Amino acid sequence: MIHSLPIKTLAACDGRYPTPDEERSILDWAASVPKRLQAANLIAQKETEIVREAIEQMKPRYSRFAPQHDRAWDKAARDMALVLRYTVQGMIVDDGDMPSAKVFVWVRSLLRGTGHTPQLIRDMYGAMIEATRRQLPADLIERVQPHLERMIVEMCNFAEPMQQAVN
């Protein structure tokens, strides 16, 4: 699995040297790395706050969630943190496919298999996106925003379960 523009570009150059356009593309990608790493570092520092804020926002909306599941909010926080980490990794390498290939499909399958609805997941991860926006300055949020938007689309991309886990 190839995850970064330089690796993809060089793979496409198999047996030849990069063209001037390919070189510019790699240089543009490289120039954006410091901002992406800065955003990643700030999210890493704020991860606990981001996830906690999202969970606290969800508790009143889904008051029946905890009574219906063992350690519901703890498990939700664990999953949300994992998904956020992989979203950030995708941002670092600037590859929206990488997080899905590594973790989104797996977590989404678990959530669907345990009866979670796409709406519950959309609300939870939407709350996490909003919390992330509040924690980052505008110049850094613009780096991660496309990856957060893709994350929520992919995490909610499943059919309604036959039996809902939260009603």
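What to note about this one:
- Mean residue ellipticity at 222 nm, helices only, the chain: -24500 deg cm²/dmol; runs of at least 4 DSSP H residues each add -39,500 (n - 2.57), and the sum is divided by the number of residues.
- Theoretical FRET efficiency, 1/(1+(r/R0)^6), r = Cβ-Cβ of I7 and Q119, R0 45 Å, to 0.05: 0.75
- In loop segments of the stretch 1-101 as defined by DSSP, the trypsin sites (Lys or Arg not before Pro) with at most 15 further C-beta atoms inside 10 Å of their C-beta are R16, R64, R71.
- Cα-Cα separations in the chain greater than 21 Å, expressed as whole percent: 51 percent
- The calculated FRET efficiency for the pair F158 and Y17, based on their C-beta separation and a Förster distance of 45 Å, comes to about 0.50.
- Debye intensity ratio in log₁₀ form over the Cα atoms of the stretch 1-72, taken at each q of 0.17 Å⁻¹: -0.76
- Among A12, A39, A30, residue whose mean-square fluctuation peaks in a GNM of the chain (springs only between Cα atoms under 10 Å): A12
Just so you know, all these numbers are worked out from the coordinates, no wet-lab data involved. Quick caveat: nothing in here was measured; it's all calculated off a predicted structure. Note that each Cβ is placed from the backbone with ideal geometry, even for glycine, and that neighbours are counted across all protein chains shown.
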